[in-house]
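*Asks:* Below: one structure in structure tokens.
We did not get these values from a lab; they are worked out from the coordinates using the rules stated. Bear in mind the structure is a predicted one, so any value in this text is a computation, not a measurement. Neighbour counts run over all protein chains shown; Cβ positions are idealised from the backbone, glycine included.
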Amino acid sequence: PQHMAPEQARGESVRCDTRTDVYALGTILYRQLTGDYAHSSAGRASWDFLRAVAETDARSPDEVARRHGRRISRDLQAILMKALAVSPNDRYDSAGEFGRDLRRYLAGETVAAQPLTVSYWLGKHIARHRGRWVAGFTAMAGLTVAAAMWFWQRERFLAEQVVLRTQAETGEKAARDSEVRSLIRVARQQWVSGARAEALAYLARAVRLDPDQREARASLMAAMKQFSTVYRASPSVKFPGEGTHTVFAPDGSWFVIGLGSDQIGFGIWDTETLEERLILPGNLRTIDLKVAPNGRYLAALMDHFDPGGEAKASVLVLAGPDGILSRLELPHAGGCLAFSQDGEKLAVSSMSRNEKGAKFGGVAIYDVRDPGNLMVSLPLRELSRPDFARIQFSADGKSLYYTKQEADARVWRWDFESDQLVRTGIRLGPDEWRPLMINSVQIGSGGDFFVAGQWEFVMRWRDLEDRQERVWMDQVEGASAFRGLCLSDDNRFLAGGTSDSRVIVWDAESGRRLAELRHSEMVEQIRFCPGNPDLLASLTAIGTLMLWDWKSGQPLAEPVEGGERVLSIAFSPDGERLLVGRSGHARMWSTIPRRWEPWVVDVGSPVDAVDFTGHGTQFLAT
């Protein structure tokens, strides 16, 4: 009777089938595993025992096994209880199915007697593949620790960069303030001695060095009121304040002067008659000024000042040669402008500070024909510097390139066809370096980039559709910084001025150094002669100008030095003349050997900028 199934105990022989045999096999396995029978017969009469078999479930295998000092797994308990179910429908259908479930248990697989839950399946899988799971968890833990270390080091590096950048800005501001105070002191000494023109020149330099220095601006304005000849920068063109930006129209028919004054923002004059064509009044200071390549539009980015001299906002003005087309108020300050080659797009980069003083910036692209239509706005939240975001359109007008001053400085590209911002691989230095900034970017007519950074690296990149390819890189020992780059008109030669008083000339195609020109001071400006790239003009920090035949490494004439400091230089379009702006006058020099003789034009005030008309027959000095 111990192996009798419930239906047999009830006398229902017609219901006996293979499941009855499964029950009998279950009682045998139960006895072997627990050491006792599924139903206890101790102290029971035969009829009472049969009723217990027919109506009650088998005793818990785990409890019975514990009494005999044994333990049974949960899977075996479930298999036994399924085989010993009171109802035949709840048992295995056959002994074969019963045996297969036992074999699955022995193989460490899931058994049919247990509900197939996620946790049950996962536990069996881990037990069956314990080595793999241990290796996987170990690798995951290692990756987690490595990622945590990387993020920690990255945050610490960025924090260090912020501290270094803050210290550098503080040092730069202190040095600038010291130099401005020194210039003001020298200007006052010159004024007392009677050299008023020299005093004005020193004050103008102080204001250009730090336009926000109130003492310098106040001293310059006071001197201007006492020395009326400062307004006679030209016999016919008069304007108050400083002419900070000068641009000719492409056809040379008109020019525009951007000012920094409390009366006029900028003015447009006719080149032939010097008649006033347009004046934008207001307490404005020009930040950047650009004329579209087609000559139809002029864009000016200006700071608006309140009566107390504090910059409140930026103003973007779009004008034609005869009138204002649009004026937009921008809630930020700083930046620069760039027109596309067809003159239909205008890009504006800007930077400002939020309420907490943190810097942020962006690049906005406008439709020139509909200035109110902002085509693209690219916010940039990375760390930046005040001279942030130099922008330039590609020659085909399909892309806008710009640089950001961040820990990992790169050239970025906005693709107008896909409307996507591309973080290019164009960066300074070897791949393992993390440079602080890119100081200068030149784009050749073929779309190749020449990049110069803070360190001693100059390189050429080729920007392809799917990647950026570095063509060559040169490390100039001792050149801790490049002041700028200059590309010859035929794109054959590249020149760069270094902080250790040298000019390096490269073959733009191969990157081979062709010449090294030594100077007595740091070189600030470089110009190749149009039509004759063998000639090169260089201007040092102390205002010394030299014209070089760089292939021979010899200057064509004695340096232009002494007297007033040279402030600006420009070649005529035909390359036969070099215009030199100095304090109080402009000089025209011949670039033809043995004709290094000047034609002097006395304008009576410091010359801040010079430029030629497109046809090269006239020049403008401010």
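*Asks:* When a/c reaches 1.5 or more, the comparison of a/b and b/c decides; with that in mind, is the stretch 1-70 rounded, prolate or oblate per its Cα gyration tensor?
*Replies:* In terms of gyration-tensor shape, oblate.
*Asks:* For the pair His3/Arg513, report the inter-label distance in nm, with labels modelled 7 Å from Cα in the Cβ direction.
*Replies:* A separation of 10.0 nm, rounded to one decimal place.
*Asks:* Can you put Tyr202, Tyr366 in order, fewest other beta carbons within 10 Å first?
*Replies:* Taking fewest neighbouring Cβ atoms as first place, the list is Tyr366, Tyr202.
*Asks:* Shifting gears a bit: Hey, with R₀ at 60 Å, roughly what FRET efficiency would Ala135 and Glu179 work out to, going by the Cβ-Cβ distance, to 0.05?
*Replies:* 0.40
*Asks:* Suppose every K and R has +1 on its Cβ and every D and E has -1 on its Cβ; what is the size of the dipole of the stretch 6-128 about the Cα centre, in Debye to the nearest 20?
*Replies:* 480
*Asks:* Could you work out the relative contact order of the stretch 6-128? I mean the mean sequence separation of Cα pairs under 8 Å and 6+ apart, divided by the number of residues, in percent.
*Replies:* 27
*Asks:* So, one more: Just rank Asp463, Asp489, fewest to most, by other beta-carbon atoms within 10 angstrom.
*Replies:* By the 10 Å Cβ count, ascending: Asp489, Asp463.
*Asks:* Still on this structure, I have one more. Starting from the Cα-Cα distance between Gln167 and Asp21, subtract it from 0.36 nm times their residue separation and give me the gain in nm to one decimal.
*Replies:* My answer for the length gained is 43.7 nm.
*Asks:* To the nearest 0.05, what FRET efficiency results for Asp490 and Leu143 with a Förster distance of 60 Å applied to their C-beta separation?
*Replies:* E between Asp490 and Leu143, to the nearest 0.05, is 0.65.
*Asks:* Using the beta-carbon distance between Arg100 and Arg70 and R0 = 25 Å, what value does 1/(1 + (r/R0)^6) give for FRET efficiency, to the nearest 0.05?
*Replies:* Approximately 0.50, to the nearest 0.05.
*Asks:* Is the C-alpha gyration tensor of the stretch 133-206 telling us rounded, prolate or oblate? Criteria: a/c under 1.5 is rounded; beyond that, a/b larger than b/c is prolate, otherwise oblate.
*Replies:* It comes out prolate by the Cα gyration axes.
*Asks:* Let me ask another. So, in Å, what gap is there between the alpha-carbon centers of the stretch 538-555 and the stretch 37-101?
*Replies:* 105
*Asks:* Give the residue list of trypsin sites (Lys or Arg not before Pro) in the stretch 101-179 that are DSSP loop and have at most 11 other beta-carbon atoms within 10 angstrom.
*Replies:* none
*Asks:* For a footprinting-style exposure proxy, rank Ile279, Ile569 by other Cβ within 10 Å, fewest first.
*Replies:* Fewest-to-most ranking of Ile279, Ile569: Ile279, Ile569.
*Asks:* Using a/c under 1.5 as the rounded threshold, could you call the stretch 6-128 rounded, prolate or oblate? The axes a ≥ b ≥ c are square roots of the C-alpha gyration tensor eigenvalues, and prolate needs a/b larger than b/c, oblate otherwise.
*Replies:* In terms of gyration-tensor shape, oblate.
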